[in-house]
Ligand code: GLU
């Protein structure tokens, strides 16, 4: 099967037990399909990038036996590609003057990622005396057939989402001038011809927006698989913000085995004594569960 997968970390801190689960799942899926696996560094939001974190992630992955099959691309070097896609969207994007507070105060309702759904204030043009902060993509109106995005997630099952009800018109170019993740990820996945996206379930709620953008830009929609996110004892997603510890890459086998538990692969730890024997067991176990 023609297969290209990827792991696309944001370099906001070192790899931790939670991000390793997403990395490992994407790697196992690529190997189970005899496909290629790419690392892409999503450093588009320079305000969140931590110096040295990308190299640290790449080295940790390598210590755990996961190496990219192609040279790594960095989003910070691809601004012109995002701009080209943005221009291609023509009048589907419009300038928006609203501040976060104005949108929150409009109390339309909360979107699926907890932000307020955009009430459409600037949809028909900027009010007099107001200037553009961000640029938004117009989503179809409720009831329009294009508003409902359906896809089958290989882990989560069928998903159906109405863009107008769940997010509303969303930002492609941010008020601080950075390209939004939603645009950058769609352009990169298309340019790298990614056929299969395997990532954490926290991104399930972004997928409908990304499929909509793929349709507008005439790009293929990849297959999706969203693995459960790992939480700490307080039920929070493991992340740098919630105090996740950097992985100890001097103990690669135990880090890999711990990540496999979250993936429910049922690997017998006793038989694993090296990174190599780990993958010899894990790749077929993944293939049995998710196909090859
Ligand atoms: N860079 C995103 C993150 O680290 C992941 C993007 C993706 O896999 O689509 O959360």
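Every read-out reported here was derived from the displayed coordinates using simple, explicitly stated rules and does not represent laboratory data. The structure presented is a predicted model; accordingly, all values stated were derived computationally and were not measured. Methodologically, a virtual Cβ is constructed for each residue, glycine included, from the backbone with ideal geometry; neighbour enumeration extends over all protein chains shown.
Taking the inverse of the average 1/r across all pairs of different Cα atoms in segment 104-204, what Kirkwood radius in Å do you get?
15.6 Å
So what are the three principal axis dimensions of segment 1-50 from its Cα atoms, in whole Å, longest to shortest?
If we take the Cα atoms of segment 1-50, the spans are 39, 22, 8 Å.
Neighbouring Cβ atoms within 10 Å as the yardstick, rank 60, 49 fewest first.
Fewest-to-most Cβ neighbours within 10 Å comes out as 49, 60.
How large is the translational diffusion coefficient of segment 1-116 in µm² per second when you combine the Kirkwood radius over alpha carbon pairs with Stokes-Einstein at 4 °C and 1.567 mPa s?
77 µm²/s
For a quick check, take a GNM of the chain with Cα springs below 10 Å and name the residue from 165, 127, 175 with the largest mean-square fluctuation.
Sorting by GNM fluctuation, first place goes to 127.
As I understand it, the value is the acute angle between the Cα axis of helix 204-216 and the longest principal axis of the Cα atoms of the chain; what does it come to in degrees, rounded to 10?
Helix 204-216 sits roughly 60 degrees off the main axis of the chain.
From the helices alone, meaning DSSP H stretches of at least four residues, give me the mean residue ellipticity at 222 nm for the chain, per-run term -39500 (n - 2.57), in deg cm²/dmol to the nearest 500.
-10500 deg cm²/dmol
Taking the Cα centroid of segment 232-292 and of segment 1-75, what is the distance between the two, rounded to the nearest whole Å?
For segment 232-292 versus segment 1-75, the Cα centre distance is 15 Å.
Just to confirm the number: angle between the C-alpha axis of helix 79-88 and the first principal axis of the chain, 0 to 90 degrees, nearest 10?
Value to nearest ten degrees: 50.
Taking R0 as 35 Å, what's the FRET efficiency between residue 215 and residue 254 from their Cβ-Cβ distance, rounded to 0.05?
According to the calculation, E is roughly 0.20.
Could you state the per residue volume, in Å³, of the convex hull enclosing the Cα atoms of segment 198-241?
About 81 Å³ per residue, rounded to a whole number.
Assuming 1.567 mPa s and 4 °C, estimate D for the chain with Stokes-Einstein, Rh taken as the Kirkwood radius over Cα pairs, in µm²/s.
Once the numbers are plugged in, D ends up at 64 µm²/s.
Find the Rg to Rh ratio for segment 23-181, where Rh is the Kirkwood radius over alpha-carbon pairs and Rg uses the same atoms.
The Rg/Rh ratio comes out at 1.03.
Which FRET efficiency, nearest 0.05, do residue 231 and residue 48 yield, Cβ-Cβ r, R0 30 Å?
Rounded to the nearest 0.05, the efficiency is 0.90.
Of the residues 277, 260, 207, which exhibits the maximal mean-square fluctuation in a Gaussian network model of the chain defined by a 10 Å Cα contact cut-off?
277
Across the Cα atoms of segment 136-255, what radius of gyration and what greatest pairwise Cα-Cα distance (Dmax) are found, in Å?
For segment 136-255, the Cα-based Rg and Dmax read 16.7, 54 Å.
Just to verify a number: FRET efficiency for residue 174 and residue 223, C-beta to C-beta distance, R0 = 22 Å, to 0.05?
Approximately 0.15, to the nearest 0.05.
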